[in-house]
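Engineer: Submitted below is the structure of interest, expressed as structure tokens.
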Amino acid sequence: MKKRSHESLIDYRIFIPSIVILIIISIPFSMYESESLALLNRIFDSIVNNFSWGYIWYAIALVSAGLYLSFSKYGDIVLGDPAEKPRFNLFEYASILIAMGLGSTIMRTGMVEWANVTLDPPFGVESGSGEALLWGNAYSMFMWSFQVFAIFVMAAPALGYILHVRKKPFMRISEACRVLFGDKFTDGIGGKILDIIFLVTILAGAAVTLGLGAPIITYNLAALLHIEQSFTLTLIVTIIWVSLFSISAYLGIEKGIKRLSTFNMYLAGIFALFIMLAGPGIFILNYFTDSVGFLFSNYMNMSLFTNAVNMGGETYIESQTIFWFAYSATWAMLHSVFAAKISRGRTIKEMILTYLLAPTAISWIATGVLGGLGVDRYMNGQVNVLSIVENDAMEAIPQILRSLPMSSVAIVVFIIVAMIFLTTTLDSTTYTIASYTGTKDMSKAEPSRRLRIIVAAVITIMSLILMQIGGLAPLEVLSGIMGIPIIVIQFLTIAAAKKMMDEDKAWLHNIRKNK
């Protein structure tokens with residue numbers, strides 16, 4: 001019996017094909033990186049040229065769907081027993097979603113994304129001008145706002161409903177779409193294809209995140225220790241990092257992910273306060289205020305900008321916006337599966353609005369503080385950020401941090417916060433993949449700890465191999481392209497959520513009675 005239990009730990013029918021597909025994709029791209037990257041960039045450029053409008057309306061449609069589900073009769077539906085309390089209090093819940101939604105990427109984009117836009121601003125604005133600086137920070141905030149978090153959360157209502165209300169054993173895309181396609185499709189090859197698409201995109205995205213996240217640590221560590229960047233340093237950092245997120249994933253949500261997420265919220269707050277007090281606090285407050293005002297004034301321009309009439313020539317934000325939405329779509333199902341898993345006891349409205357508002361607020365604050373520090377150093381001539389970013393954006397981060405008093409302490413804290421953000425992102429990833437591929441009843445149990453470690457090992461090995469042979473760049477672009485089928489699946493899950501709730505008349509039977 002024990003042997004049979006081990007053999008049934010993973011659903012190999014979806015796990016093995018996903019790994020094989022990813023290996024088949026990765027090997028030629030890694031062997032012929034420059035040719036693969038050129039090919040993928042041509043494909044992506046074609047998508048940008050022909051389907052920019054589609055990605056823009058896709059993101060807006062998801063925000064609209066989120067608001068509709070939140071403020072209609074469906075918003076009060078509880079994911080679980082209406083009498084039970086939510087699994088986490090609001091601060092814990094928001095902290096976990098923030099850590100999952102933002103990760104260390106916010107620290108990179110918050111610090112240097114403004115420079116990319118300042119160098120190549122839209123609407124004919126002069127490069128490097130004051131207006132370009134406002135466009136830069138406002139666009140950095142726009143990247144982390146409602147459209148992106150709607151992309152992340154809008155499959156979660158269906159997944160949360162099948163898990164916590166209908167008590168289905170498997171929290172899978174195929175299961176969520178059963179109400180649309182029937183038993184024959186779901187239990188047959190069609191359902192397996194949907195689940196394999198999910199796993200391939202998530203495993204690819206996780207490997208890329210591990211590979212692209214490592215430089216956020218290694219660049220600053222190399223600057224701190226006055227050593228050269230090397231694969232050995234990356235390997236050491238990755239081993240430490242993997243150990244952390246493996247332990248956290250092994251401990252689970254309560255003892256691992258929740259504690260790390262809430263601790264990092266406090267530590268990030270202390271770091272932001274240190275920058276304000278030791279750095280240009282008044283300038284940061286003023287620049288943050290200007291950036292938010294500029295963002296609000298131009299939000300619709302950014303949201304609907306395709307530059308069809310070539311106003312001021314092609315600029316950075318057209319392709320970056322489409323890539324950002326496409327890349328976010330790759331991660332959408334992972335975020336939704338995880339959000340669904342931790343939302344027991346929450347209403348549809350609480351889940352959606354928390355994911356739309358909490359990460360947005362924190363990301364804007366982070367962008368205001370980190371971006372404000374970089375802009376101040378650039379304007380005062382202390383760090384020529386624009387020139388550095390033109391050559392290597394990651395190199396600008398330690399240079400900016402070095403301009404602070406007690407710079408070594410600042411770099412150490414930055415490394416710790418980034419490391420924890422990366423850890424919480426990837427332990428959430430391993431937890432989710434283990435939940436998705438495991439054979440336990442997810443409505444009653446946590447995913448196997450052994451399976452979480454297996455998933456962590458798979459992601460790590462893939463990422464290290466790709467980093468060593470240089471295959472991350474094409475895989476990053478490929479991840480964005482692979483988000484296209486996820487877009488279709490997202491809309492299917494929204495339709496499935498509505499249909500299930502209508503069938504059950506959940507707005508009558510599954511709401512809190514004291515409302």
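Engineer: Restrict the check to the range 250-261 and report whether at least one residue is modelled with pLDDT of 90 or more, under 30 Å from D76 (Cβ atoms) and either in a helix (DSSP H, G or I) or not aromatic (F, W, Y) (or both).
Structural biologist: Among the residues of the range 250-261, not one is modelled with pLDDT of 90 or more, under 30 Å from D76 (Cβ atoms) and either in a helix (DSSP H, G or I) or not aromatic (F, W, Y) (or both), which makes the answer no.
Engineer: So which residues in the range 273-296 are surrounded by 14 or more Cβ atoms within 10 Å (Cβ to Cβ) and among the polar types (S, T, N, Q), if there are any at all?
Structural biologist: S291
Engineer: Does the range 203-216 contain at least one residue that is more than 22 Å from the chain's Cα centre (by Cα), closer than 21 Å to A339 by Cβ and in contact (Cβ under 8 Å) with a residue 40 or more places away in the chain?
Structural biologist: no
Engineer: Of the numbered conditions (1) modelled with pLDDT of 75 or more; (2) surrounded by fewer than 16 Cβ atoms within 10 Å (Cβ to Cβ), A506 fails exactly one; give the number of that condition.
Structural biologist: Single failed check for A506: (2).
Engineer: Hey, could you check the range 118-172 for residues that are of a type in the set (A, V, I, L, M, F, W, C) and assigned to a loop (DSSP other than H, G, I, E, B) and say which is surrounded by the most Cβ atoms within 10 Å (Cβ to Cβ)?
Structural biologist: Step by step, filter the range 118-172, then rank; the result is A155.
Engineer: Something else: What's the total number of residues in the range 437-486 that are among the β-branched types (V, I, T), surrounded by 20 or more Cβ atoms within 10 Å (Cβ to Cβ) and either at pLDDT 70 or above or over 14 Å from T201 (Cα atoms) (or both)?
Structural biologist: Total satisfying the criteria: 5.
Engineer: Also, quick follow-up: Just one of F305, F323 is part of a helix (DSSP H, G or I) and either closer than 21 Å to N137 by Cβ or over 15 Å from the mean Cα position of the chain (by Cα) (or both); which is it?
Structural biologist: Result of the check over F305, F323: F323.
Engineer: To continue, here is another question. Within the set of pairs 6 or more residues apart or between chains, which connect a residue that is at pLDDT 85 or above inside the range 307-324 to a residue that is of a type in the set (A, V, I, L, M, F, W, C) and not in a helix (DSSP H, G or I) with Cβ atoms less than 8 Å apart?
Structural biologist: The qualifying pairs are I317/F305; E318/F305; T321/F305.
Engineer: Tell me which residues, restricted to the range 52-109, are in a helix (DSSP H, G or I) and either of a type in the set (S, T, N, Q) or touching an Asp or Glu at 6+ places or on another chain (Cβ under 6 Å) (or both).
Structural biologist: Across the range 52-109, the qualifying residues are S52, S64, S70, S95, T105, T109.
Engineer: In addition: Out of the residues in the range 185-195 that are crowded, with 21+ Cβ neighbours inside 10 Å and touching a residue at least 24 places away in the same chain (Cβ under 8 Å), state the one that is nearest to I459 (Cα to Cα).
Structural biologist: Applying the filter and picking the extreme gives D195.
Engineer: On the basis of being of a type outside the set (D, E), at pLDDT 95 or above and either out of contact with any Cys (no Cβ under 8 Å at 6 or more places or on another chain) or in a helix (DSSP H, G or I) (or both), does I352 make the cut?
Structural biologist: Yes.
Engineer: I would also like to ask the following. Scan the range 44-72 residue by residue and report those that are in contact with a helix residue (DSSP H, G or I) (Cβ under 6 Å, 6 or more places away or on another chain) and either exposed (fewer than 14 other Cβ atoms within 10 Å of the Cβ) or of a type in the set (A, V, I, L, M, F, W, C) (or both).
Structural biologist: Answer for the range 44-72, where residues must be in contact with a helix residue (DSSP H, G or I) (Cβ under 6 Å, 6 or more places away or on another chain) and either exposed (fewer than 14 other Cβ atoms within 10 Å of the Cβ) or of a type in the set (A, V, I, L, M, F, W, C) (or both): F44, V48, A59, L62, V63, A65, L69.
One line per residue, one yes/no per condition, for (1) out of contact with any Cys (no Cβ under 9 Å at 6 or more places or on another chain); (2) farther than 30 Å from I365 by Cβ; (3) in contact (Cβ under 8 Å) with a residue 40 or more places away in the chain; (4) hydrophobic (A, V, I, L, M, F, W, C):
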{"residue": "I10", "(1), (2), (3), (4)": "yes, yes, yes, yes"}
{"residue": "I19", "(1), (2), (3), (4)": "yes, yes, yes, yes"}
{"residue": "N49", "(1), (2), (3), (4)": "yes, yes, no, no"}
{"residue": "A65", "(1), (2), (3), (4)": "yes, no, yes, yes"}
{"residue": "F71", "(1), (2), (3), (4)": "yes, no, yes, yes"}
{"residue": "E84", "(1), (2), (3), (4)": "yes, yes, yes, no"}
{"residue": "I106", "(1), (2), (3), (4)": "yes, no, yes, yes"}
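Engineer: Need the failing condition index for G124 against (1) at negative phi; (2) at pLDDT below 95; (3) more than 16 Å from the chain's Cα centre (by Cα); (4) of a type outside the set (A, V, I, L, M), just the number.
Structural biologist: (1)
Engineer: So in the range 344-376, with the set limited to residues that are β-branched (V, I, T) and under 16 Å from S95 (Cβ atoms), which one is nearest to the chain's Cα centre (by Cα)?
Structural biologist: Of everything passing the filter in the range 344-376, T360 is nearest to the chain's Cα centre (by Cα).
Engineer: Within the range 110-138, take every residue that is of a type in the set (S, T, N, Q) and free of Cβ contacts under 8 Å to residues at least 12 places away in the same chain and give me the one that is farthest from I275 (Cα to Cα).
Structural biologist: So the residue we want is S127.
Quick grid of which residues meet (1) charged (D, E, K, R); (2) in contact with a Leu (Cβ under 7 Å, 6 or more places away or on another chain):
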residue	(1), (2)
A155	no, no
R166	yes, no
I173	no, yes
F185	no, no
I193	no, no
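The values are calculated or read from the model by the stated rules, or taken from the named source; none is laboratory data. What you see is a predicted model, and the numbers here were worked out from it, not measured in a lab. In this analysis, Cβ positions are derived from the backbone assuming ideal geometry, glycine residues included, and neighbour counts consider all displayed protein chains.
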